[in-house]
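This report concerns only the one structure given below.
The values are calculated or read from the model by the stated rules, or taken from the named source; none is laboratory data. Source: prediction; values computed, not measured. Neighbour counts run over all protein chains shown; Cβ positions are idealised from the backbone, glycine included.
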Amino acid sequence: MEIKLKRNAKIAVGAAILSCFLGASAYASALLPNKLPLTPVNEPEFYGSPTSSIASAVALPSGAATFSTSGTVPPLLNKDGKTVYERYGDTEKQGEGILLNIEKQLKEQGLSMKDVIYLRVYVTADEAKKGEFDYQGWFNAYAKFFNTKENPTKVARSTVGVAGLVNKDWLIEIEAVAAYPIAHNQN
């Protein structure tokens, strides 16, 4: 009798695990825009809500070549400035300067901001904002480069509040990942 109970318990545990796996698979397949098994994509595909300014995910074609920047920091506006805002600007101004620098780096690689698929952003507290993170300043800078008439791309993005960056005047640092167009990959 004891052996039969142990065997039945093992079967019940196995059935429960299988049920969880199948349930999770069905749940995941309902969330993914492609049906499982996933169909290959021929160019980057951006997923997410049409009303959001960012993508929730990006799928790349197999073998897609990418270009990644290191953490890019704000340009110095005035070396003789008395405050961080005179030297580098506020979070929005710093974000704009960084994105212009990233745009230049991309151009040197034959890419543009339309090719950006992901941004990782680090924001520090801003004393002028009562020591709070100026996320809205960053969002304003982003909105000048992405999800616009000129560049409708809505990238996947992470924005993280951090204790500090290498230079105490920097309020923001950005890393970018861009995907080379498929025609470029075939050369």
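Conditions (1) more than 17 Å from the chain's Cα centre (by Cα); (2) farther than 12 Å from D169 by Cβ; (3) outside the structural domain of L165 (by TED's automatic domain parsing), marked per residue:
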residue: G81; (1), (2), (3): yes, no, no
residue: Y88; (1), (2), (3): yes, no, no
residue: K107; (1), (2), (3): yes, yes, no
residue: G110; (1), (2), (3): yes, yes, no
residue: K114; (1), (2), (3): no, yes, no
residue: E132; (1), (2), (3): yes, yes, no
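So, of the residues in region 50-96 that are small (G, A, S) and touching a helix residue (DSSP H, G or I) at 6+ places or on another chain (Cβ under 9 Å), which turns out to be modelled with the lowest pLDDT?
Only one residue fits best here, namely G63.
Residue-wise test of (1) under 14 Å from I98 (Cβ atoms); (2) among the small types (G, A, S); (3) in contact with a Lys or Arg (Cβ under 7 Å, 6 or more places away or on another chain).
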residue	(1), (2), (3)
N140	yes, no, no
T153	no, no, yes
R157	yes, no, no
D169	yes, no, yes
A176	yes, yes, no
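Does region 130-141 contain at least one residue that is crowded, with 20+ Cβ neighbours inside 10 Å, closer than 30 Å to I182 by Cα and touching a Leu at 6+ places or on another chain (Cβ under 8 Å)? Yes; the residues of region 130-141 include at least one that is crowded, with 20+ Cβ neighbours inside 10 Å, closer than 30 Å to I182 by Cα and touching a Leu at 6+ places or on another chain (Cβ under 8 Å). Number of residues in region 142-174 that are surrounded by fewer than 17 Cβ atoms within 10 Å (Cβ to Cβ) and of a type in the set (D, E) equals 1. For the residues T51, T39, the requirement of being assigned to a loop (DSSP other than H, G, I, E, B) and within 19 Å of K154 (Cβ to Cβ) singles out T51.
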